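**Q** Structure provided below as structure tokens; questions to follow.
Derivation of every value follows stated rules applied to the coordinates shown; laboratory data play no part. Remember, predicted model here, so these are calculated numbers, not experimental data. Glycine also receives a Cβ, built like all others from the backbone with ideal geometry; neighbour counts cover every protein chain displayed.
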Amino acid sequence: MRFGKIDYINLLPFDVFIKAYPMNSGFKKFLQLKKSYPAKLNKDFLFQRIDAGFISSIAGYYSALKHKTTNSAIISKGSVWSVIVIPNPQAEDYQSATSNALCKVLGLKGEVLIGDRALAYRYQGGEHLDMGKIWYEKKHLPFVFGRFCFNTYGDFYRRLSKEFNQKRIKIPHYILMQYSKKTSIPKEYIREYLKHIYYKIGPKEHLGLKRFYRELLFKKIKKPSRF
């Protein structure tokens, strides 16, 4: 089984969970090898180079149609801190398809910045607009940035998702320190950031996804595909 991993702080709780999960060493070894940014994992997923992963919501559209999704996702209800627009000339972030599309849906101007780079920029006090906050103010719904989707082994991945959603994850101090050193973001700030993200999809999250997909249709924004 080949699982692709987004190498961002926002999935740190899942990373801690999966390391402790009883699973063969081959799966965990592949997990460490196949980690990248969302847009790269989208391509790997669409071309079936990985079996599953947290895929950008815009790329997970077709998986949702085929019922190849779980109820785990990367979600914010309001400010997200790590998906922002900064006051530079208009530019997309090559690392994310969903955030680039969300910027267009919200009618924002500037440079899109996501992930740990966005979080570091915010920590340093850089001027920005938080897209999670603006979406919630306009739609009064959570925003699903990425969703745990699969191509194969559906029963296994749905079970994995269910157990992840049910478990309360405590992130060890040494792991927080590793990420703090890697990103130059204090561990206290990382802890506070993770309070703005949750992972279980419910009715309002499903409605938020539907609203986002409808906006993509209205604005004729293309979804990632193999062809």
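**Q** Just report the Cα centroid separation between region 117-147 and region 170-213, whole Å.
**A** Between the Cα centres of region 117-147 and region 170-213 lies a distance of 12 Å.
**Q** Follow-up question, since we're still on this one. Would you mind checking which residues have amide H under 5 Å from residue 111's amide H? H placed 1.01 Å from N; only 5 or more apart, or other chain.
**A** Hits under the 5 Å cutoff: 86, 88, 91.
**Q** Can you give the percent of C-alpha pairs in region 164-203 whose distance is more than 13 Å?
**A** Result: 59 percent of Cα pairs exceed 13 Å.
**Q** Something else now. When a/c reaches 1.5 or more, the comparison of a/b and b/c decides; with that in mind, is the chain rounded, prolate or oblate per its Cα gyration tensor?
**A** Oblate, because a/c is 1.5 or more while a/b does not exceed b/c.
**Q** Could you give each residue of region 116-133 its phi-based ³J(HN,Hα) in whole Hz, using Karplus coefficients 6.51, -1.76, 1.60 with θ = phi - 60°, and x for Gly or Pro?
**A** 5, 5, 5, 5, 5, 4, 5, 4, 7, x, x, 5, 6, 10, 8, 5, x, 5
**Q** Highest first, please rank the peptides 72-83, 211-222 by the mean number of other Cβ atoms sitting within 10 Å of their residues. Mind showing how you got there, number by number?
**A** Working: 72-83: 23.7, 211-222: 13.7.
Averaged packing, sorted descending, gives the order 72-83, 211-222.
**Q** Collect residues whose amide H, placed 1.01 Å from N in the peptide plane, falls under 5 Å from the amide H of residue 151; neighbours closer than 5 in sequence don't count.
**A** Sorted by chain and number, the residues that satisfy this are 52.
**Q** On to the next question. Compare the Cα positions of 91, 65, 161 along the charge dipole of region 3-218 (+1 at Cβ of Lys, Arg; -1 at Cβ of Asp, Glu; about the Cα centre) and return the one farthest towards the positive end.
**A** 161
**Q** Under a Cβ-only charge scheme (Lys and Arg +1, Asp and Glu -1), can you give me the dipole magnitude of region 3-218 about the Cα centre, in debye to the nearest 20?
**A** For this selection, approximately 640 debye.
**Q** Any idea what the relative contact order of the chain is, in percent, if you count C-alpha pairs under 8 Å spaced at least 6 apart?
**A** Relative contact order of the chain: 28 percent.
**Q** Additional query: Report the FRET efficiency, 1/(1 + (r/R0)^6), for residue 62 and residue 192, where r is their Cβ-Cβ distance and R0 is 35 Å, rounded to 0.05.
**A** Efficiency at R0 = 35 Å is approximately 0.50.
**Q** What's the ranking of 171-182, 124-135 by average number of surrounding C-beta atoms within 10 Å, highest first?
**A** 124-135, 171-182
**Q** How do 196-206, 158-168, 52-62 rank on mean C-beta neighbours within 10 Å, highest first?
**A** Ranked from most to least packed, the peptides come out as 52-62, 196-206, 158-168.
**Q** Now a separate question. Got a sec to turn the phi values of region 87-103 into Karplus ³J(HN,Hα) couplings, 6.51 cos²θ - 1.76 cosθ + 1.60 with θ = phi - 60°, whole Hz, x for Gly and Pro?
**A** Result, rounded to whole Hz: x, 10, x, 3, 7, 8, 9, 4, 7, 9, 8, 5, 5, 4, 5, 4, 4.
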